[in-house]
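Since the structure comes first, as structure tokens, the remarks are kept for the end.
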There are 2 protein chains.
Amino acid sequence: MVPRGAYEFLDTKETRAHLIEQYDNFLFDCDGVLWSGPTVLPGVVSFFRKLRERGKRILFVSNNASKSRRTLLERINAMGIDGREDEVFSSAYATAAYLKDVLRFPTDRKAYVVGMNGLEDELDANGIQYIGGTDEQDCQGLDGLDFSPLASKDALDPSVAAVVCGIDTKFSYRKLAKAFRYITRPGAEGEVRAGEQNGGCHFVCTNEDVTFPSSEGLFPGAGAVWKGIQVSSGRDPIVVGKPHQPMIDTIFARFAFDKSRTLMVGDRLDTDIAFGQRGGIDTLLVLTGISTLEHVHASDAAAVPTYVVNGLCDLDTALS
Amino acid sequence: MVPRGAYEFLDTKETRAHLIEQYDNFLFDCDGVLWSGPTVLPGVVSFFRKLRERGKRILFVSNNASKSRRTLLERINAMGIDGREDEVFSSAYATAAYLKDVLRFPTDRKAYVVGMNGLEDELDANGIQYIGGTDEQDCQGLDGLDFSPLASKDALDPSVAAVVCGIDTKFSYRKLAKAFRYITRPGAEGEVRAGEQNGGCHFVCTNEDVTFPSSEGLFPGAGAVWKGIQVSSGRDPIVVGKPHQPMIDTIFARFAFDKSRTLMVGDRLDTDIAFGQRGGIDTLLVLTGISTLEHVHASDAAAVPTYVVNGLCDLDTALS
């Protein structure tokens with residue numbers, strides 16, 4: 001017998017089929033749910049075909065900010081799961097959308113980017129000006145203890161009104177120091193004022209994952225990149241990605257989904273399931289990734305899902 | 001009237017002169033005590049001459065790990081305060097000494113350095129092999145999400161048995177990722193075994209200051225550099241420098257000072273004064289730097305000194 005908490009373990013064909021009937025909109029985490037490393041998980045391709053046949057709305061919700069929606073979509077399609085660009089909701093996309101829709105970032109101000117192409121592409125797509133990022137000079141260190149390149153009157157662009165940070169494999173001390181100076185300069189804590197100098201500076205991070213699961217193993221993630229900016233400046237960032245509120249707020253701001261008919265599907269209690277709960281929607285945990293039933297039963301569980309299945313293959317075989 | 005806590009404010013010539021009589025060994029923080037930015041503080045040069053005339057032992061105790069003892073000594077001497085190399089106790093020197101004397105780091109193992117010349121020089125002086133640091137390749141970022149240069153069988157040196165981190169103005173994602181991999185590889189948590197592969201990995205940081213006071217203003221410090229290694233690896237470092245125990249343990253291991261005749265002099269409650277207290281010695285706060293009497297009187301004061309004077313000029317004028 002499967003031990004149970006407050007969640008419902010869907011162990012019959014009927015309960016699984018009923019789950020699909022209950023919801024119109026399905027938000028999916030990708031890694032550990034759709035695929036594991038380079039391999040698509042069993043039943044996934046067939047399950048997505050059946051979801052589409054039933055007219056369900058699908059969103060792919062990823063914390064990976066290194067890639068633009070287009071690049072993530074290429075990966076999804078390469079796995080044989082058909083998708084559209086407007087179905088992909090990455091933390092990079094959500095961050096740009098958050099700046100635009102929620103913070104109403106002035107068009108004449110710039111973001112200082114600590115991050116990669118994917119983040120830059122999404123800022124471009126939302127009409128947000130930026131510097132830093134893949135700029136070759138910013139990817140270089142300083143010459144010993146010569147801080148003069150960062151301390152002169154012209155070293156910082158006065159129109160910068162946000163530091164935006166995601167995973168960055170060209171992270172450098174120079175980027176750390178520039179982000180620190182933008183966030184700590186006089187007036188940086190204040191309101192962002194369009195068209196004026198030195199009027200406030202947002203600090204927005206795509207996600208807080210401290211590790212990044214690459215096909216070649218774990219490496220430091222976005223949370224390891226921006227932590228140094230946080231501790232030196234003494235300023236806590238707004239974190240957009242799962243499990244935080246801004247990304248799910250942005251999803252419901254962009255789509256007129258009925259919350260009672262929307263389900264978040266993921267493999268991690270601390271990110272995916274907590275994320276769905278904060279957004280006020282039902283959640284489904286699959287056991288093909290990080291979290292196990294033991295984690296769900298633990299007294300300090302990060303969150304308890306509404307439902308659990310072994311994997312998407314369970315749902316696939318429940319649908320004719 | 002000066003408000004008082006548990007400390008004694010030395011406001012007469014007699015109490016000040018008596019202080020000097022009471023102690024044989026004086027440990028001095030530098031920044032905010034001896035100098036402020038490029039300027040030597042009033043009375044300091046004369047005070048040091050008088051201390052030497054009375055045969056007092058002097059140590060300069062600095063958290064600055066970017067410089068070797070020799071470089072710090074040059075700064076001390078340029079200010080007109082005469083000193084000797086064996087009187088300089090920087091966190092870089094203390095870190096190398098800690099590896100050698102306390103951890104008994106095997107001579108056939110290497111340290112992976114996230115840090116600058118000063119740290120490398122002190123490791124050299126203590127006969128500790130190292131890689132990383134100022135190596136040009138390690139100062140470069142990765143090519144996009146291509147982690148293969150760090151994931152191949154030969155990417156990590158199996159003889160590395162410590163990650164040693166200080167301030168590093170050429171800090172890069174590659175260094176962050178290498179440090180992460182050394183600290184998280186199989187067996188890294190275990191004992192360091194000389195002559196064997198994969199036997200344990202120390203994680204030692206020079207100091208935890210999150211900012212670095214340069215002559216051109218504040219920039220991110222050592223604590224901002226190693227924070228990302230800590231959060232991604234989930235491993236807390238041993239921090240050597242003030243206010244932590246290892247540096248003061250190393251001082252008393254190297255010098256046969258009588259603790260009851262030793263005084264720590266500094267301008268910061270949270271580093272210098274807490275440091276002296278942890279070492280079980282008396283402390284003197286000078287008000288020429290960061291901490292003020294208000295900080296001392298605060299209910300959440302990081303530490304309360306044994307004595308307070310306005311500055312070293314007070315002690316200078318008290319000595320004939």
In the set B:Gly199, B:Gly187, which member is at positive phi and away from every other protein chain (no Cβ under 14 Å)? B:Gly187
Residues of segment B:8-31 being at pLDDT 95 or above, closer than 30 Å to B:Val88 by Cβ and assigned to a loop (DSSP other than H, G, I, E, B), in sequence order, are B:Leu10, B:Tyr23, B:Asp24, B:Asp29
Restricting attention to segment A:223-243, which residues are more than 10 Å from chain B (Cβ to nearest Cβ), touching an Asp or Glu at 6+ places or on another chain (Cβ under 9 Å) and of a type in the set (A, V, I, L, M, F, W, C)? A:Val239
Scan of segment B:297-316 for residues that are of a type in the set (A, V, I, L, M) and either within 22 Å of the chain's Cα centre (by Cα) or modelled with pLDDT of 95 or more (or both), ordered by number: B:Ala301, B:Ala302, B:Ala303, B:Val304, B:Val308, B:Val309, B:Leu312, B:Leu315
Suppose we keep only residues that are part of a loop (DSSP other than H, G, I, E, B) and in contact (Cβ under 8 Å) with a residue 40 or more places away in the chain within segment B:208-224. Which one would you say is surrounded by the most Cβ atoms within 10 Å (Cβ to Cβ)? B:Gly221
From A:Phe171, A:Phe219, A:Phe212, which residue is among the aromatic types (Phe, Trp, Tyr), over 24 Å from B:Asp209 (Cα atoms) and facing chain B (nearest Cβ under 7 Å)? A:Phe219
Do we find a residue being β-branched (Val, Ile, Thr) and under 21 Å from B:Arg174 (Cα atoms) anywhere in segment A:133-151? yes
The lone exception for B:Thr262 - which of (1) under 18 Å from B:Asp24 (Cα atoms); (2) touching a Pro at 6+ places or on another chain (Cβ under 7 Å) it fails: (2)
Only one residue in B:Lys67, B:Lys13, B:Lys56 is over 16 Å from the mean Cα position of the chain (by Cα) and over 26 Å from B:Glu294 (Cα atoms). Which one? B:Lys56
Hits in segment B:21-53 (condition: among the β-branched types (Val, Ile, Thr) and surrounded by fewer than 19 Cβ atoms within 10 Å (Cβ to Cβ)): B:Thr39, B:Val40, B:Val45
Unmet requirement for A:Ser90, which otherwise passes all of (1) of a type outside the set (Phe, Trp, Tyr); (2) crowded, with 23+ Cβ neighbours inside 10 Å; (3) in the same structural domain as A:Pro213 (by the TED database); (4) in contact with a strand residue (DSSP E or B) (Cβ under 7 Å, 6 or more places away or on another chain): (3)
Just a yes or no: is a residue in segment B:93-100 in contact with a Lys or Arg (Cβ under 9 Å, 6 or more places away or on another chain), among the hydrophobic types (A, V, I, L, M, F, W, C) and either crowded, with 19+ Cβ neighbours inside 10 Å or modelled with pLDDT of 90 or more (or both)? yes
Within segment B:248-269, restricting attention to residues that are β-branched (Val, Ile, Thr) and under 13 Å from the mean Cα position of the chain (by Cα), which residue is modelled with the lowest pLDDT? B:Thr250
In segment A:134-165, what residues are touching a helix residue (DSSP H, G or I) at 6+ places or on another chain (Cβ under 9 Å), within 12 Å of another protein chain (Cβ to nearest Cβ) and in a loop (DSSP other than H, G, I, E, B)? A:Thr134, A:Gln140, A:Gly141, A:Leu142, A:Asp143, A:Gly144, A:Phe147, A:Ala155, A:Leu156
Residue count for segment A:270-287, restricted to those that are outside any strand (DSSP E or B), over 15 Å from the mean Cα position of the chain (by Cα) and either surrounded by fewer than 22 Cβ atoms within 10 Å (Cβ to Cβ) or at pLDDT below 95 (or both): 3
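Matching residues to (1) touching a helix residue (DSSP H, G or I) at 6+ places or on another chain (Cβ under 8 Å); (2) assigned by the TED database to the domain that holds B:Asp249; (3) in contact (Cβ under 8 Å) with a residue 60 or more places away in the chain; (4) not in a loop (DSSP other than H, G, I, E, B):
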{"site": "B:Val33", "(1), (2), (3), (4)": "yes, yes, yes, no"}
{"site": "B:Pro42", "(1), (2), (3), (4)": "yes, yes, yes, no"}
{"site": "B:Phe47", "(1), (2), (3), (4)": "yes, yes, yes, yes"}
{"site": "B:Arg52", "(1), (2), (3), (4)": "no, yes, no, yes"}
{"site": "B:Leu59", "(1), (2), (3), (4)": "yes, yes, yes, yes"}
{"site": "B:Thr71", "(1), (2), (3), (4)": "yes, no, no, yes"}
{"site": "B:Asp82", "(1), (2), (3), (4)": "yes, no, no, no"}
Qualifying position, being assigned by the TED database to the domain that holds B:Arg52 and touching a Ser or Thr at 6+ places or on another chain (Cβ under 7 Å), among B:Leu312, B:Leu269: B:Leu269
Looking at (1) surrounded by fewer than 21 Cβ atoms within 10 Å (Cβ to Cβ); (2) touching a Ser or Thr at 6+ places or on another chain (Cβ under 8 Å), which is the one condition that is false for B:Glu136? (2)
A:Gly234 modelled with pLDDT under 95 and closer than 30 Å to A:Ser152 by Cβ: no
Residues being assigned to a helix (DSSP H, G or I) and aliphatic (A, V, I, L, M): count how many of those fall in segment A:97-133. 6
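The values are calculated or read from the model by the stated rules, or taken from the named source; none is laboratory data. Being a predicted model, the structure only gives us computed values, none of them experimental. Ideal geometry is used to build each Cβ from the backbone, glycine not excepted, and the neighbour counts take in all protein chains shown.
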